[in-house]
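Taking it in order: structure first as structure tokens, then the write-up.
The values are calculated or read from the model by the stated rules, or taken from the named source; none is laboratory data. Just so you know, these numbers come straight off a predicted model, no measurement behind them. Cβ coordinates were reconstructed from backbone atoms using ideal geometry, including for glycine residues, and neighbour counts include every protein chain displayed.
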Amino acid sequence: MLSGIWNLLTMSLAAVWFFGTGWLLRPTHRGPSWLTTVLGLASLVDVLGYAFQSQALAGLGLNFYLFIAPLWAMWIGWILWKER
């Protein structure tokens, strides 16, 4: 139960953070903004899957997040490195 509570908390906060960051990136970086918003959506799908006890839905959101998040981090790092 504790794992589920922590997952709900962390992925809810991650969804809010990704949606907000995607919105802030929109004027300057369209591509990363779109991917950031998609990561927020994947986090939200994971939260809804756990909240409604649907392992399939939670697994879909989590696996998409775990696959895309490292690529997103590299892309954002590359942009920050180039603009330095």
So which helices (runs of 4 or more DSSP H) are wholly in the chain and hold at least 1 residues that are in contact with an Asp or Glu (Cβ under 9 Å, 6 or more places away or on another chain)?
2-25, 55-82
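Okay, residues lined up against (1) among the polar types (S, T, N, Q); (2) surrounded by fewer than 17 Cβ atoms within 10 Å (Cβ to Cβ):
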{"site": "I5", "(1), (2)": "no, yes"}
{"site": "L8", "(1), (2)": "no, yes"}
{"site": "L24", "(1), (2)": "no, yes"}
{"site": "P27", "(1), (2)": "no, yes"}
{"site": "Y50", "(1), (2)": "no, no"}
{"site": "Q55", "(1), (2)": "yes, yes"}
{"site": "L62", "(1), (2)": "no, no"}
{"site": "P70", "(1), (2)": "no, yes"}
{"site": "I76", "(1), (2)": "no, yes"}
Being modelled with pLDDT under 95, under 26 Å from I79 (Cβ atoms) and either out of contact with any helix residue (DSSP H, G or I) (no Cβ under 7 Å at 6 or more places or on another chain) or surrounded by 13 or more Cβ atoms within 10 Å (Cβ to Cβ) (or both): is that true of M1 here?
no
Determine whether A42 is farther than 27 Å from K82 by Cβ and free of Cβ contacts under 8 Å to residues at least 40 places away in the same chain.
no
With the structure loaded, tell me whether G40 is among the small types (G, A, S), out of contact with any strand residue (DSSP E or B) (no Cβ under 9 Å at 6 or more places or on another chain) and either surrounded by fewer than 17 Cβ atoms within 10 Å (Cβ to Cβ) or modelled with pLDDT under 95 (or both) or whether it fails that test.
no
Of a type in the set (F, W, Y) and surrounded by 16 or more Cβ atoms within 10 Å (Cβ to Cβ): is that true of F18 in this structure?
yes
